[in-house]
Amino acid sequence: MTDTGHPRRWFILGILNLSLILVVASVSSLNLSLPSIQQALGASAADLIWINAAYALVFAAFLLPAGALGDRFGRKGALLAGLVVFVVGALLGSTADTAGQLIAFRALMGVGAAFAMPATLSILTAVFPADERDKAIAVWAGFAGAGGAIGILSAGILLEYFWWGSVFFVNVPIVVTALALVAAFVPTSRDTQGHRLDPVGSLLSAVGLAALVFGLIQGPEYGWTDPLVLGGFVGAVVLLTSWVAFERRQEQPMLDPGLFRIPRFGLAALALGSSFAVMFGMFFGLAQFLQFVLGYSPLGAAVRIMPFALSMLAIAPRGPALAARFGSGRVIGGGMLVTALGCVVMVLLTGDSGYGHVIVGVLLVSSGMALGFPTATAAIVGSLPLDKAGVASAVNDTTREVGAAVGIALLGSLLSAGYRRGLGDALDQLPAEMAEIARDSVGAALVVAQRAPAGVGEQIAATARDAFASGYSLAMAAGAVLLTVTGLLVIGRWPAD
C-alpha cells in the first residue's frame with residue numbers, strides 16, 4: 001500500500017462497517033428479544049442472564065489473542081474466519097430448542113465477533129493514508145456507536161412480524177453478502193516484522209478478562225459478596241497481574257502493559273471504557289423505561305431510540321476537524337461532559353415524564369459520544385505502529401466490551417436498588433409471594449398489578465413506574481459523575497497535540 005492509500009478505500013470502509021454493525025448490533029438486539037426467548041424456551045432468570053452474558057464474556061476474552069493472530073497471519077483471513085464462525089453460531093442459535101443450547105451458540109458467536117471486530121479497524125488503518133485515517137476512523141466509530149441502536153430497531157421489527165429466532169437468522173444473508181464483498185474487494189495486511197506469537201500471554205489475558213467479566217455480570221444477580229463472584233474478581237486480579245509480569249519480561253510481547261502509561265493511549269482507553277459503561281447502562285434501562293413506564297411496544301421503543309444512531313452518524317465524522325482545531329484531549333473530555341449533561345437530563349425523569357424529555361437526554365448523550373469515540377479510537381490506534389494495528393484495534397475493542405459489562409452490571413444494580421427503594425411499603429397490601437415477585441422487576445410488578453383488584457392494581461402499577469424511574473435516575477446520576485470526573489481528568493492530563 002502506498003501513501004495515497006488503497007484506490008477503493010472508501011468502498012472498503014463501507015464493507016468493514018457492514019461487518020462491524022453485525023457484531024455490535026448482536027449485543028443490543030438480544031436485550032429486546034429476551035422476553036420472547038423466555039416464553040419460547042422456558043428459560044429461567046439465570047438462563048436469560050447467561051444467554052446475554054455468554055457472548056460478551058467470550059467476546060471480551062478472545063479480543064486480544066484474536067487481534068494478535070490477525071496481525072501475524074493476515075487480517076483479511078481473520079475477518080473472513082470470524083464472519084464464518086459468527087454466522088454458524090447465529091444459524092444454530094435460531095434453531096435452538098433449549099436455553100443451554102442457545103447459551104453455547106451465543107458463546108460461539110462471541111468467538112467469531114472477537115476475530116471480526118478488531119480486523120475491521122486494523123484493515124482500515126492499513127488501507128487509508130495518514131492524512132485520511134482519522135476521518136475514516138471517525139466514520140467507523142460512528143457506526144460502532146450507532147450499531148447498538150440499529151440492533152434494537154432491527155429486533156423490534158423482526159419480533160413484530162416473526163419468531164424470536166429471526167433475530168439470529170437475519171444475520172445469515174447479511175453475513176453471506178459481507179463474506180462475498182470481503183473476499184472480492186478487501187486487501188489483506190499483516191505484521192511485516194514477523195513477531196512471534198505469545199500463547200502464554202494470550203491465555204493469561206483471555207482467562208483473566210473472562211474472570212473479570214464473569215464477576216461483573218454475576219455480581220448484580222448473586223450479590224457482590226457471593227463466593228463465585230468474589231472468586232471471579234480474585235482470579236481476574238491474579239491472572240491479569242501475572243499477564244502484566246509475564247509480558248514485561250518478553251522481548252516481543254503481544255501487548256506491552258507499559259503502553260498504558262503513555263498518556264494518549266491510557267487516557268483514551270479510560271475514556272472509551274467509561275463512555276461505553278454509561279452507554280450500555282443507559283440502553284439497559286432506557287428500553288425498559290420506554291416499554292414499562294411510557295407504554296410503548298418493543299417496535300415503538302426501538303423506533304424512539306433511533307435518533308441516537310442518527311445523531312452518532314451525523315456528528316462523528318466532524319470529530320477529527322474539531323480535534324485538529326481544539327486538541328484531542330479537549331474534544332474527548334468535552335464530549336464526555338456533554339454526555340454527562342445528557343445523563344443529568346435522564347436523572348430528572350419521573351413516572352409522568354413524556355418522550356420529549358427522553359429525546360433531549362438521548363440526543364445530548366449521543367452527541368457527546370459521537371465527539372469522543374472517534375478521537376479516542378484514533379489516539380489508541382495512532383499510539384502503535386501499523387504492524388501492531390490488530391492488537392491496537394483489539395485494545396480499543398476490549399475497553400469497549402469490558403466497559404459495557406461494567407455499565408450493565410454496576411448501573412443495572414443501582415437501577416434495581418433504586419427501584420426496590422422507590423417501592424417502599426406500597427406492596428405491603430399484597431400477599432407476601434406476590435409482593436416478592438413485584439419487587440423483582442417493574443415488568444413483574446405490572447403483571448401483578450393486572451391480577452390485583454382494580455383500584456389496588458392501578459396504584460401498584462403507578463408506584464412501580466415511579467419506582468423504576470427513580471432507580472433509573474440513580475443509575476444515570478452515577479453515570480453523570482463517572483463521565484464528569486473522567487472527562488475533566490482527560491482534559492487536564494492530555495498532552496499537548
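Every number in this text was worked out from the coordinates using simple rules, so none of it is lab data. None of the values given here were measured: they were computed from a predicted structure. Cβ atoms come from the backbone with ideal geometry, glycine included; neighbour counts cover every protein chain shown.
Treat the count of other C-beta atoms within 10 Å as a stand-in for reagent exposure and order His6, His357 from fewest to most. Numbers along the way, then the final one.
Working: His6 20, His357 16.
Least crowded to most crowded, the residues run His357, His6.
Take the Cβ-Cβ distance between Ser353 and Arg451 as r, set R0 to 30 Å, and report the resulting FRET efficiency rounded to the nearest 0.05.
Details: r = 27 Å, r/R0 = 0.89.
Approximately 0.65, to the nearest 0.05.
Report the per residue volume, in Å³, of the convex hull enclosing the C-alpha atoms of the chain.
Working: hull volume 66.1 nm³, N = 497.
Cα-based convex hull of the chain, divided per residue, equals 133 Å³.
Could you work out how much longer the chain between Arg318 and Glu251 gets when fully extended? Use 0.36 nm per residue separation minus the Cα distance between them, nm to one decimal.
Values: separation 67, 0.36 × 67 = 24.12 nm, distance 3.95 nm.
So the extension gain works out to 20.2 nm.
How far apart, in nm, are two points set 7 Å out from the Cα along the Cα-to-Cβ line at Phe260 and at Val237?
Inter-label distance under the simple model: 1.4 nm.
Quote to one decimal, in nm, the extra length available between Leu228 and Gln459 on full extension: 0.36 nm per residue of separation minus the C-alpha distance between them.
Details: separation 231, 0.36 × 231 = 83.16 nm, distance 3.87 nm.
Extra length available between Leu228 and Gln459 comes to 79.3 nm.
Work out, step by step, the length gained on full extension between Arg8 and Ser297: first 0.36 nm times the residue separation, then minus their alpha carbon distance; give nm to one decimal. Could the numbers behind the result be given before it?
Details: separation 289, 0.36 × 289 = 104.04 nm, distance 4.20 nm.
Separation in residues times 0.36 nm, less the Cα-Cα distance, equals 99.8 nm.
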